[in-house]
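The values are calculated or read from the model by the stated rules, or taken from the named source; none is laboratory data. Quantities reported herein were computed from a predicted structural model and do not represent experimental measurements. Here Cβ is always computed from backbone atoms with ideal geometry, including for glycine, and neighbour counts include all displayed protein chains.
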Amino acid sequence: MEESCKDIEQMLVDYADGQLSPSDSSKVGEHLTKCEECRKVLDTLQKSLELAGVIWADGLAETASIRIPAAKTRKIRWPQYAAIAASILVLATASVVWHTVVRPKESKLTFAEIERKITESGSAARLLAAAELLSENPEAETIVKQQYQYIVETYPKTAAAAEAKLRIK
């Protein structure tokens, strides 16, 4: 193949398809009249394109018999969706407002209240310890139960009161 054959060979596919510009097409046509080898390549190329066309047409004929059912479309009812969305929005807003209004205010403990709670817990713990010592003596059973009852009534929110409730039972 000559050097010009390499240039022409690159344009042969477009020439066979009729996709070349008129000037390039005449250049390739002129070359083909002089070059037997390029004519053979073009002939083979055209046969390949014809075969590809037949295969393509055959494939299209087979796919034409395939039926794809159309998708069912549903009518969208926008007013219903809008009503549902509005209801959800109203419920969410009402919930936020209700929790804001009804939620109890958190009270902050003052130093004096904290000190009082510590003192109560200490006193209840000391009384519980004394009652535990008394419980070792079987004759003091009545006094011990009274002591436990006093701790529960006087210091109800302490750990010692919870322990005393368990001992009473």
Practice prompt. Examine segment 104-115 for a residue that is surrounded by 10 or more Cβ atoms within 10 Å (Cβ to Cβ), among the β-branched types (V, I, T) and at pLDDT 85 or above, and state whether such a residue exists.
Written response: yes
Worksheet item: From the list E153, E136, which residue is modelled with pLDDT of 85 or more and surrounded by 10 or more Cβ atoms within 10 Å (Cβ to Cβ)?
Response: E153
Worksheet item: Is it true that some residue in segment 43-51 is at pLDDT below 75 and not in a helix (DSSP H, G or I)?
Response: no
Practice prompt. Would you mention how many residues in segment 118-133 are crowded, with 16+ Cβ neighbours inside 10 Å and within 51 Å of the chain's Cα centre (by Cα)?
Written response: 1
Worksheet item: Does any residue in segment 147-169 that is assigned by TED's automatic domain parsing to the domain that holds S121 and touching a residue at least 12 places away in the same chain (Cβ under 8 Å) come within less than 6 Å, Cβ to Cβ, of a residue that is outside any helix (DSSP H, G or I) and not hydrophobic (A, V, I, L, M, F, W, C) six or more places away or on a different chain, and which pairs are these?
Response: A161/Y155
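From the list I84, I76, I8, I68, which one is touching a Cys at 6+ places or on another chain (Cβ under 6 Å), of a type outside the set (D, E, K, R) and at pLDDT below 85? Steps first, please.
On the way: I84 fails: touching a Cys at 6+ places or on another chain (Cβ under 6 Å); I76 fails: touching a Cys at 6+ places or on another chain (Cβ under 6 Å); I68 fails: touching a Cys at 6+ places or on another chain (Cβ under 6 Å).
Only one candidate passes the filter, namely I8.
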